[in-house]
């Protein structure tokens, strides 16, 4: 069920760089969303919708990538349309950014105020329409055995932006709410356009080659394996991003915001480590790498859960970050290699959606 292998050294870096740029735009958009959502809800008297939007966001992040992947595979198999859903998602996201900017500009007294919650929900949906189609294309950008190298680079640029969140938040605050949403729409549309422009010819020829190949039936066991790995990846991210700051705040209140800075530092460390070891991981047996990463991450999570001191908690966080790093660069390549060529985007969507389950639960629990 593995995809067709490309030439041994055929890593298409321009396409990968463009996907990295799209990732950066997405991360900045999410940071802007988290920064301004509570402010907008308060300014527009929608505070009562805060919990509803947290739950809605979790449901959207879990379900929409898989549903988008299923639809993308259907369109691909039916009429060879490779970028339809991707283009719809990018266009809708950029448009909604601009609408939200207009609502903010008009202020709470504006006639468009009642539409703000609906725009937020539609934005959440549109942001997740193009994620699985975009990530499913990496199989056309590199041979299967070198996908961990690709993931090492993508994980580096993505998590470094998350790790630099305090700086991004400062920039967002400097722009202000209206300009931030305008800039967000421009970033998404421009990066999406260049990703499409740079990769379209390569993807079309590669996808056509794969679709004409004989594909084995997709097994339920493969989907279960992908689901489990995705859940584990999300658990690691949830511990690093949600649990550590909440745990420090609850158990070590005298340290102020130290937990948040520890979380950012661990994400940065994890990103750099992933990039540094990606070439080595590419030559190791994927299943053994996955098992090792799960064990390491599990040990770190247990230490975090039962720790009662700052130093031990930081040590548990470091161990968790190491396992999370290795799992990030091996998880998606494993998922892709488990999938039939006709179900790549759907499987990638399941993987991405599963990775959001624990983060959504932790975010709601520690709100």
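Values in this text are rule-based calculations from the coordinates and carry no lab data. For clarity, every value in this text was computed on a predicted model and none was experimentally measured. In this analysis, Cβ positions are derived from the backbone assuming ideal geometry, glycine residues included, and neighbour counts consider all displayed protein chains.
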> What is the log10 of I(q)/I(0) for region 281-367, computed with the Debye formula using one identical point scatterer on each Cα and no solvent, at q = 0.11, 0.21, 0.22 Å⁻¹?
Replying inline: -0.39, -1.06, -1.11
> So how do 333-344, 265-276, 133-144 stack up, highest first, on mean other-Cβ count within 10 Å?
Replying inline: 133-144, 333-344, 265-276
> What does region 77-191 give for Rg and for Dmax, in Å, if only its C-alpha atoms count?
Replying inline: 17.2, 57
> Once the Cβ-Cβ distance between residue 52 and residue 279 is put in as r, and R0 is 30 Å, what FRET efficiency do you end up with, to the nearest 0.05?
Replying inline: 0.10
> Using the scaling law 2.2 N^0.38 Å as the reference, what is the normalised Cα Rg of region 221-318?
Replying inline: 1.19
> By how many nm would the segment from residue 67 to residue 299 grow when fully extended, if each residue of separation counts as 0.36 nm and the alpha-carbon distance is taken off?
Replying inline: 80.2 nm
> Dividing the alpha-carbon radius of gyration of region 1-143 by 2.2 N^0.38 Å (N being the number of residues), what value is obtained?
Replying inline: 1.24
> Relative contact order (percent) for the chain, with alpha-carbon contacts under 8 angstrom and 6 or more residues of separation?
Replying inline: 32
> Working out 0.36 nm times the residue gap between residue 145 and residue 194, then minus their Cα-Cα distance, what length gain in nm do you get to one decimal?
Replying inline: 15.0 nm
> Listing 154, 304 from the residue with the fewest other Cβ atoms within 10 Å to the one with the most, what is the order?
Replying inline: 304, 154
